[in-house]
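Below is one structure; the comments refer to it alone.
The values are calculated or read from the model by the stated rules, or taken from the named source; none is laboratory data. Because the structure is predicted, anything quoted here is derived from the model rather than measured. Here Cβ is always computed from backbone atoms with ideal geometry, including for glycine, and neighbour counts include all displayed protein chains. Accessible surface areas use protein heavy atoms only, side chains included; no ligands, DNA or RNA. Shrake-Rupley method; radii C 1.70, N 1.55, O 1.52, S 1.80 Å.
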Amino acid sequence: MSLQLSQAKIAFVGAGSMAEAIVRGLIQTEVAQPGNIYMMNRSNQDRLAYLRSEYGLNASSDPQTKENYLAGADIVVLCMKPKDVESSFAELRSQLRENQLLVSVIAGLSIAKTEALLDTHMGIVRTMPNTSSTIGLGATGMSFSSNVNETYRGLAIQMFEAVGIVSVVDEDKLEIVTGVSGSGPAYVYYFMEAMTQAGIDGGLSLEDAKQLTLQTVLGAAHMVQHTNEEPAELRRKVTSPNGATAAAIEALDRFQFREGIIQAVNRSAERSKEMGEQIAAASTAGKSV
Ligand SMILES: NC(=O)C1=CN([C@@H]2O[C@H](COP(=O)(O)OP(=O)(O)OC[C@H]3O[C@@H](n4cnc5c(N)ncnc54)[C@H](OP(=O)(O)O)[C@@H]3O)[C@@H](O)[C@H]2O)C=CC1
Ligand SMILES: O=C(O)[C@@H]1CCC=N1
């Protein structure tokens, strides 16, 4: 019988925000058992203690324990920052097996560079998730190396579908996925910060400004999801001719809101590519990113 996700041992190299977002989602949806999850970091003991007590999973930064975690894993998930790739890959290189599945969430690092840096031919799934995976509302872009078999392909999709939606895309589209949905939550939070601030500046209490902003964003997202209408059409329905919203949209246009968002998405995509290229260059030259 082929491996089931509920039975798979999943080792996370890196125990920061993104690793926790995925793990929390997997545990809350009961797609994975805490006892089958192994989290590793470099040194932060408080973080490991928190993860153990919050989720009941295995967590360590001890070199021998980490080696044991990796040896027993079916799936290894790379969750370190680009700047730490070089040092962590140096340790990992001799500890991975060709029959394990490698999943990477590292922005910008291509499958070919991951293979070259780790000197491996194991199946690699390159992903770009986002932090909303924490509550099962993540949006993940995913690409596979040609040697990922059907079982592992299914497991990787199942793993990220447990924490949200998955779009399988050609690998050269993962940078723009980073711009749209990887970094995307930050644009929405920034928008919410500004809207709340304007409410407070206009005399609302902090609590009212926060609640009204949150419900507005939630309601608008649900409207797009449930009405099947395009955002442009929904916007038109809010915008009475010569009314308050029309005046607000004119102000946004004066500040090039639309162009600003498009620039932001494209800069995130470009920066992601740059980071991937810097990892490869730094690893070749032996210096950190
Ligand atoms: N945050 C996000 O929204 C998203 C992030 N990503 C990608 O996820 C990756 C991780 O980002 P994020 O979770 O935000 O980063 P964090 O800084 O929150 O976490 C990084 C983790 O890596 C650990 N680490 C560093 N070096 C090693 C090592 N040699 N061996 C084992 N663990 C190590 C750190 O341990 P210690 O604390 O002990 O140093 C820490 O636990 C990045 O590559 C990023 O591109 C992708 C999509 C979205
Ligand atoms: O900021 C970053 O580089 C990562 C990738 C997408 C979200 N966070």
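Where the second residue is open to solvent by 60 Å² or more (accessible area, probe 1.4 Å) and away from ligand 2 (no atom under 16 Å from the Cβ) and the first is over 15 Å from residue 275 (Cβ atoms) and part of a strand (DSSP E or B) and lies in region 71-99, which pairs have Cβ atoms under 8 Å and are six or more apart or on separate chains?
The qualifying pairs are 75/9.
Kindly establish whether residue 68 is modelled with pLDDT of 95 or more, more than 16 Å from ligand 2 (Cβ to nearest atom), open to solvent by 20 Å² or more (accessible area, probe 1.4 Å) and closer than 20 Å to residue 4 by Cα. Can you show your working first?
Working: modelled with pLDDT of 95 or more: yes; more than 16 Å from ligand 2 (Cβ to nearest atom): yes; open to solvent by 20 Å² or more (accessible area, probe 1.4 Å): yes; closer than 20 Å to residue 4 by Cα: no.
No.
Would you check which residues across region 228-284 are open to solvent by less than 70 Å² (accessible area, probe 1.4 Å), free of Cβ contacts under 8 Å to residues at least 12 places away in the same chain and not hydrophobic (A, V, I, L, M, F, W, C) and list them?
The answer is 229, 233, 239, 240, 243, 245, 260.
Only residues that are over 10 Å from the mean Cα position of the chain (by Cα), open to solvent by 10 Å² or more (accessible area, probe 1.4 Å) and over 13 Å from residue 159 (Cβ atoms): list them for region 127-143, please. Before you say what the answer is, go through the steps one by one.
Our first condition is that a residue be over 10 Å from the mean Cα position of the chain (by Cα); within region 127-143, this holds for 135-137, 142-143.
Okay, now just the ones that are also open to solvent by 10 Å² or more (accessible area, probe 1.4 Å), so 135-137.
Answer for region 127-143, where residues must be over 10 Å from the mean Cα position of the chain (by Cα), open to solvent by 10 Å² or more (accessible area, probe 1.4 Å) and over 13 Å from residue 159 (Cβ atoms): 135, 137.
Considering region 100-141 alone, what residues qualify as being under 20 Å from residue 19 (Cα atoms), more than 9 Å from ligand 1 (Cβ to nearest atom) and in a loop (DSSP other than H, G, I, E, B)?
The answer is 100, 110, 136, 137.
Cβ-Cβ under 6 Å, sequence separation 6+ or interchain: first residue in region 176-193 and aliphatic (A, V, I, L, M), partner within 12 Å of ligand 1 (Cβ to nearest atom). Which pairs?
What qualifies is 177/128; 177/141.
Filter region 6-64 for residues that are surrounded by 14 or more Cβ atoms within 10 Å (Cβ to Cβ), of a type in the set (D, E, K, R) and assigned to a loop (DSSP other than H, G, I, E, B) and give the result.
9, 42
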